[in-house]
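Just below is one structure, and these are the notes that go with it.
Any read-out appearing in this document is the output of simple, stated calculations on the displayed coordinates, not a laboratory observation. None of the values given here were measured: they were computed from a predicted structure. Backbone-built Cβ (ideal geometry, glycine too); neighbour counts: all protein chains shown.
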Amino acid sequence: MHIGRVIGTVVATRKDERLTGNKLLVTQPLNMQKEPIGEALVAVDTVGAGIGEIVIYTQGTAARYAADKIQSPIDAAIIGIVDNIDIY
Amino acid sequence: MHIGRVIGTVVATRKDERLTGNKLLVTQPLNMQKEPIGEALVAVDTVGAGIGEIVIYTQGTAARYAADKIQSPIDAAIIGIVDNIDIY
Amino acid sequence: MHIGRVIGTVVATRKDERLTGNKLLVTQPLNMQKEPIGEALVAVDTVGAGIGEIVIYTQGTAARYAADKIQSPIDAAIIGIVDNIDIY
Amino acid sequence: MHIGRVIGTVVATRKDERLTGNKLLVTQPLNMQKEPIGEALVAVDTVGAGIGEIVIYTQGTAARYAADKIQSPIDAAIIGIVDNIDIY
Amino acid sequence: MHIGRVIGTVVATRKDERLTGNKLLVTQPLNMQKEPIGEALVAVDTVGAGIGEIVIYTQGTAARYAADKIQSPIDAAIIGIVDNIDIY
């Protein structure tokens, strides 16, 4: 899994119907110092994440399980809201 | 999922028959400022996307579900047409 | 999916028996201007592609479906021979 | 699979319930000279790995099998603690 | 699939038991001129590959099929030993 920050939303009226009801959140990958790295992606929310929150996201088949929509076109999902990242 | 722009089409007469009936759209990945990033890919269309439209695309097994062709050789599919990208 | 050019072959006598009968084609990824990008990979042929031909290839589970060998160790397959790439 | 070093932990109270009971370890990918390469990721622990230990981690569907949680949102898991890396 | 060279071994006593019996080979990806590219990975051997040999490796679900351990945490496997790479 990876760490990211929710930085926005995507609205798409014409979309696969199996995405209906899923918030599409623009997620900026972060490194463990919470600095942006690489390009943002679109992930479905599964834990009620809000704008600005630091989250854990998953990709691939795991994302479809996260959304409880195994036969859906989802390939990225937010699965946790970070309290702490402790680096030793 | 990622954001892209449909920039063209690919025509292939000799192809896996399970691709028959699927439009093969050249899709240029975009960042959230709608600027091109990285290399274009080929995605099957599932929502009637047209040239120039900004879309959401998915990859991997999710793409086969998107195309409703789970036993097909599809690894990327367009699954939504973007109305808005709102970055906060 | 991605665009590539078949630039060679790989011969391996000692290999997983489920690859028997599959041509292993060295495939150079191309951008949409048909210029080489990144490193070549090895893909099984499923459409009779020849040296020099511009092809469409797929990766991951889709490649095993393309080869009709779902329980095989294949992770990349050529699934079409390109007639045209039209960029608008 | 890849080699990494456990460098920290992630705590997330609000998370997918199927992650409950799994330690979320910040894992820094290493090259074979045990030097850091690329960005750290979050992997679930399945072998009792501790901070500073050099580990083997796996990604994708393999990670869900590693965690014995095939219907979970896990896409990376630690599956071994390295005794030796012998390069010839 | 990709081409690589076996350059070493990884020993891990504490590991997922489903890896027991699998040699963990350090595999350096190569381009088609047999030059090293990118970072080495750890792949299970399925064809008796030895140190220094040039091999074909596969990743993802295909690797679990290659190892005949579909419910294992394997995400990379060596599936052939290269006799020739012929580039035209």
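Whether any residue in segment D:11-26 is among the polar types (S, T, N, Q) and under 21 Å from A:Val44 (Cα atoms) is what I want to check. Scanning segment D:11-26 turns up at least one residue that is among the polar types (S, T, N, Q) and under 21 Å from A:Val44 (Cα atoms).
Take the conditions (1) more than 24 Å from D:Val6 (Cα to Cα); (2) over 9 Å from the mean Cα position of the chain (by Cα); A:Val6 misses just one of them, which is (2). Would you please name the residue that is farthest from the other protein chains (Cβ to nearest Cβ), looking only at residues in segment D:33-80 that are within 10 Å of the chain's Cα centre (by Cα) and of a type in the set (D, E, K, R)? Here the answer is D:Asp45.
Considering only residues in segment A:30-88 that are small (Gly, Ala, Ser) and in contact with a helix residue (DSSP H, G or I) (Cβ under 8 Å, 6 or more places away or on another chain), the one that is farthest from B:Ile3 (Cα to Cα) turns out to be A:Gly80. Residue count for segment C:1-32, restricted to those that are more than 10 Å from chain E (Cβ to nearest Cβ), under 28 Å from C:Asp86 (Cβ atoms) and free of Cβ contacts under 8 Å to residues at least 40 places away in the same chain: 3.
Going by the conditions given, is C:Val26 in contact with a strand residue (DSSP E or B) (Cβ under 7 Å, 6 or more places away or on another chain) and within 24 Å of B:Thr20 (Cα to Cα)? It is false that C:Val26 is in contact with a strand residue (DSSP E or B) (Cβ under 7 Å, 6 or more places away or on another chain) and within 24 Å of B:Thr20 (Cα to Cα). Inside segment E:60-88, residues that are in contact (Cβ under 8 Å) with a residue 24 or more places away in the chain and of a type in the set (S, T, N, Q) make up a count of 2. Residue selection: C:Asp75 satisfies the criterion of being within 21 Å of E:Ile56 (Cα to Cα), among the acidic types (Asp, Glu) and touching a Gly at 6+ places or on another chain (Cβ under 9 Å).
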